[in-house]
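Undergrad: Let me begin by handing over the structure; questions about it come next.
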Amino acid sequence: MLFRCNILALVGSKTNAQYPPNKVIIWDDHQSRCISEFLFRSELLHQIETLANPRGLCCLSHHLNTSVLACPGLRRGQVRVEHFGLNMTKFINGHDSQIASMTLTMDGLLLATASIRGTLIRIFNTMDGTRLQEVRRGVDRADIYSIALSPNVQWLAVSSDKGTVHIFSLRVRVVGDDLSTEVTGVNGSALYHQGSSNSLDGLLSPNTGANPSSSLSFLKGVLPKYFSSEWSFAQFHLPECTQFMTAFGSQNTVIIVGLDGSFYRCSFDPVNGGPMMQQEHICFLKTETRPR
């Protein structure tokens with residue numbers, strides 16, 4: 001799929017005469033028709049072996065001359081990252097349980113993952129597999145429907161079957177155009193850095209708040225890990241009757257789309273967080289009411 005739009009690239013099989021394995025079909029799903037074809041002399045085949053992947057997890061990013069692909073690895077909880085421009089493969093052990101959802105930043109430098117337990121979301125550096133941050137959605141098991149990262153890598157949104165969209169503040173920023181990453185603490189101190197000093201403008205606003213944590217977080221290392229968790233910065237509650245996907249809009253807004261045709265646009269306070277404000281709600285699928 002061409003990022004998150006209606007254009008798909010399809011490659012057929014030997015059993016399909018209309019879509020053979022040496023032809024790429026460019027399909028516009030909005031028009032429901034083929035808009036272009038690319039015919040090659042040989043079959044198109046680049047196969048990556050993965051663990052059983054019933055959710056069809058796979059994400060792709062492209063930045064400058066580098067394309068990055070992330071998919072399940074060969075072990076439970078593992079993610080395989082292919083840096084095609086660098087001809088490099090990295091295996092990241094994300095979770096103890098099977099991966100349920102994942103997403104890449106637009107440049108492919110950062111990976112966010114959640115497992116089928118649905119309690120923790122982790123952010124990794126795809127260059128060396130370092131875990132950069134971990135945030136907690138909740139305590140109870142949940143089915144994660146989607147993970148979204150804001151274009152400026154400042155916020156992370158998570159939707160689940162619990163009927164709540166959670167927004168988290170990230171301490172991660174990309175500071176260079178040469179695959180450089182930096183993790184910045186809440187107090188501004190550099191915790192991790194890779195790459196050159198050729199930095200772009202800072203992507204973290206100094207006027208954003210931090211994720212809340214337990215009042216006993218100062219005892220981390222003594223109390224169980226739960227008490228040192230970072231909790232969501234902002235929240236929005238939804239009906240639990242359908243599956244919702246999230247994406248970031250402009251000016252601290254979040255777009256939420258449900259499989260039932262519902263559309264929400266919400267805004268959150270980037271300083272104080274808390275409950276999000278509903279700005280718009282539309283239902284695109286109308287159900288007819290019939291008399292009994």
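Undergrad: Is there any pair linking a residue in segment 116-133 that is acidic (Asp, Glu) to one that is surrounded by 18 or more Cβ atoms within 10 Å (Cβ to Cβ), with Cβ under 8 Å and at least six apart or on different chains, and which?
TA: Short answer, once both residue conditions are applied: Asp128/Lys90.
Undergrad: Quick check on this structure: which one of Asn65, Asn53, Asn87 is touching a Pro at 6+ places or on another chain (Cβ under 8 Å), of a type outside the set (Asp, Glu) and at pLDDT below 95?
TA: Asn53
Undergrad: If you don't mind, another one. Within segment 20-28, identify whether any single residue is among the aromatic types (Phe, Trp, Tyr), over 16 Å from the mean Cα position of the chain (by Cα), in a strand (DSSP E or B) and surrounded by 14 or more Cβ atoms within 10 Å (Cβ to Cβ), and answer yes or no. Give the derivation first.
TA: Let us first name the residues in segment 20-28 that are among the aromatic types (Phe, Trp, Tyr), namely 27.
If we keep only those that are over 16 Å from the mean Cα position of the chain (by Cα) too, we end up with 27.
When the remaining residues are screened for being in a strand (DSSP E or B), the result is 27.
Filter once more, so that each one left must be surrounded by 14 or more Cβ atoms within 10 Å (Cβ to Cβ): 27.
Checked against the condition, which is being among the aromatic types (Phe, Trp, Tyr), over 16 Å from the mean Cα position of the chain (by Cα), in a strand (DSSP E or B) and surrounded by 14 or more Cβ atoms within 10 Å (Cβ to Cβ), segment 20-28 yields at least one hit.
Undergrad: May I pose another question? Select from segment 128-167 the residues that are acidic (Asp, Glu) and more than 15 Å from the chain's Cα centre (by Cα) and list them in ascending order. Walk me through it before giving the result.
TA: Applying the first criterion (acidic (Asp, Glu)) to segment 128-167 yields 128, 134, 140, 143, 161.
Asp128, Asp140, Asp161 - these are the residues of segment 128-167 that are acidic (Asp, Glu) and more than 15 Å from the chain's Cα centre (by Cα).
Undergrad: Name the single residue that is nearest to the chain's Cα centre (by Cα) among those in segment 51-71 being polar (S, T, N, Q) and surrounded by 10 or more Cβ atoms within 10 Å (Cβ to Cβ). Spell out the reasoning first.
TA: Restricting attention to segment 51-71, the residues satisfying the condition of being polar (S, T, N, Q) are 53, 61, 65-67.
Remaining after also requiring surrounded by 10 or more Cβ atoms within 10 Å (Cβ to Cβ): 53, 61, 66-67.
Values: Asn53: 17, Ser61: 11, Thr66: 19, Ser67: 16 Å.
Top of the filtered list is Ser61.
Undergrad: Okay, next question. Got a sec? Which of Arg80, Arg76 is in the same structural domain as Ser146 (by TED's automatic domain parsing), more than 19 Å from Asp128 (Cα to Cα), surrounded by 15 or more Cβ atoms within 10 Å (Cβ to Cβ) and modelled with pLDDT of 90 or more?
TA: Arg76
Undergrad: Can you tell me which condition Asp96 does not meet? The list is (1) surrounded by fewer than 20 Cβ atoms within 10 Å (Cβ to Cβ); (2) farther than 30 Å from Phe236 by Cβ, and all the others hold.
TA: (2) is the only condition that Asp96 fails.
Undergrad: Restricting attention to segment 99-106, does a residue exist that is modelled with pLDDT under 95, out of contact with any Ser or Thr (no Cβ under 9 Å at 6 or more places or on another chain) and not acidic (Asp, Glu)?
TA: No.
Undergrad: Ok, one more. Quick one: would you say Leu60 is in contact (Cβ under 8 Å) with a residue 40 or more places away in the chain and in a strand (DSSP E or B)?
TA: In short, yes.
Undergrad: Turning to a different aspect of this structure: State which residue is nearest to the chain's Cα centre (by Cα) when the search covers only segment 41-50 and only residues that are surrounded by 12 or more Cβ atoms within 10 Å (Cβ to Cβ) and modelled with pLDDT of 85 or more.
TA: Per the stated criteria, the residue is Thr50.
Undergrad: How many residues does segment 78-114 contain that are in a loop (DSSP other than H, G, I, E, B) and farther than 30 Å from Lys162 by Cβ?
TA: Residues that pass the stated criteria total 5.
Undergrad: With respect to Arg117, is the statement that it is of a type in the set (Lys, Arg), modelled with pLDDT of 95 or more, buried (at least 17 other Cβ atoms within 10 Å of the Cβ) and not in a loop (DSSP other than H, G, I, E, B) true?
TA: The answer is no for Arg117.
The values are calculated or read from the model by the stated rules, or taken from the named source; none is laboratory data. Remember, it's a predicted structure, so these values are computed and weren't measured experimentally. Virtual Cβ from ideal backbone geometry, glycine too; neighbours counted across all protein chains shown.
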